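Structure, as structure tokens:
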């Protein structure tokens with residue numbers, strides 16, 4: 001089985017794939033100071049509840065945008081699963097061209113999303129990922145990665161507004177009943193929700209215009225994708241597992257490093 005680890009700025013997601021389906025997904029807050037043993041105690045307990053044992057895993061793949069977290073995640077794979085993990089990097093065989101100025105600067109999650117989106121939905125398309133940042137990644141009809149857009153994530157914007165304005169409270173994101181807010185909280189919720197919907201529609205329109213491809217498919221992922229999709233018709237598909245799928249596909253395309261057990 002394959003253990004896929006997707007380490008983002010907010011959460012680290014661990015998932016096990018048995019070759020046919022995902023057997024379990026577990027999420028923990030990203031903490032650069034968390035040790036490999038702490039990860040292992042938490043993960044192995046949850047795997048046990050799903051009927052999985054460490055011996056079931058013989059391959060590991062890691063995608064991370066948090067470099068300082070990589071050391072302990074790699075140790076988890078080596079020490080607890082006896083496997084040397086494949087690390088998602090631009091130098092690997094992705095099966096498509098990375099047509100940007102500095103391929104090594106592109107976040108692993110963005111390339112993983114592009115890989116899985118083209119595999120499952122073909123192109124041309126745009127993947128919108130609602131994470132700590134809101135990213136738009138553009139893939140052409142041949143699967144080539146063309147670049148994209150990075151904007152602040154909605155929760156980051158909410159926190160910044162609360163911190164910068166003394167009288168504005170910290171709010172939760174939700175779809176307001178009307179655009180015109182009748183109090184401070186509803187006005188802030190309207191600005192966040194409809195502001196981001198407007199950003200989504202505006203950026204997608206400009207990408208389509210710049211690429212001269214008006215029929216690009218729009219795929220969304222990330223925890224807030226279902227909520228924001230309620231406010232617009234341009235999102236055609238929500239795929240919560242697209243980054244994990246990218247890790248699975250990348251592992252299938254690239255030889256997994258030699259088992260750590262074989263090095264003993």
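Picking from 218, 235, 200, which residue would you name as being assigned to a loop (DSSP other than H, G, I, E, B), modelled with pLDDT of 95 or more and touching a helix residue (DSSP H, G or I) at 6+ places or on another chain (Cβ under 9 Å)? Spell out the reasoning first.
Working: 218 fails: assigned to a loop (DSSP other than H, G, I, E, B); 200 fails: assigned to a loop (DSSP other than H, G, I, E, B).
Of 218, 235, 200, the one residue that is assigned to a loop (DSSP other than H, G, I, E, B), modelled with pLDDT of 95 or more and touching a helix residue (DSSP H, G or I) at 6+ places or on another chain (Cβ under 9 Å) is 235.
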Go through the residues of the stretch 132-140 one by one and say whether even a single one is closer than 30 Å to residue 44 by Cβ and either assigned to a strand (DSSP E or B) or in the same structural domain as residue 206 (by TED's automatic domain parsing) (or both).
yes
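Going by the structure shown, is residue 127 under 21 Å from the mean Cα position of the chain (by Cα) and not in a helix (DSSP H, G or I)? Reasoning before the result, please.
Numbers: under 21 Å from the mean Cα position of the chain (by Cα): yes; not in a helix (DSSP H, G or I): yes.
In short, yes.
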Keeping to the stretch 179-207, report how many residues are farther than 23 Å from residue 156 by Cα and touching a residue at least 12 places away in the same chain (Cβ under 8 Å).
1
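Looking at 70, 115, can you tell me which residue is under 15 Å from the mean Cα position of the chain (by Cα) and touching a residue at least 60 places away in the same chain (Cβ under 8 Å)? Break it down stepwise before answering.
Values: 70 fails: under 15 Å from the mean Cα position of the chain (by Cα).
Exactly one of 70, 115 is under 15 Å from the mean Cα position of the chain (by Cα) and touching a residue at least 60 places away in the same chain (Cβ under 8 Å), namely 115.
Return the only residue of 175, 253 being in contact (Cβ under 8 Å) with a residue 24 or more places away in the chain and not assigned by TED's automatic domain parsing to the domain that holds residue 159. Before the answer, list the steps.
Numbers: 175 fails: not assigned by TED's automatic domain parsing to the domain that holds residue 159.
Of the residues listed, the single one that is in contact (Cβ under 8 Å) with a residue 24 or more places away in the chain and not assigned by TED's automatic domain parsing to the domain that holds residue 159 is 253.
Quick one: which residue in 79, 101 is touching a residue at least 40 places away in the same chain (Cβ under 8 Å) and either within 28 Å of residue 139 (Cα to Cα) or part of a helix (DSSP H, G or I) (or both)? It would help to see each step written out before you state the result.
Working: 101 fails: touching a residue at least 40 places away in the same chain (Cβ under 8 Å).
Result of the check over 79, 101: 79.
The values are calculated or read from the model by the stated rules, or taken from the named source; none is laboratory data. Just so we're clear, the structure is a prediction, and the values are computed from it rather than from any experiment. All Cβ positions, even for glycine, are placed from backbone atoms using ideal geometry, and neighbour counts span all protein chains on display.
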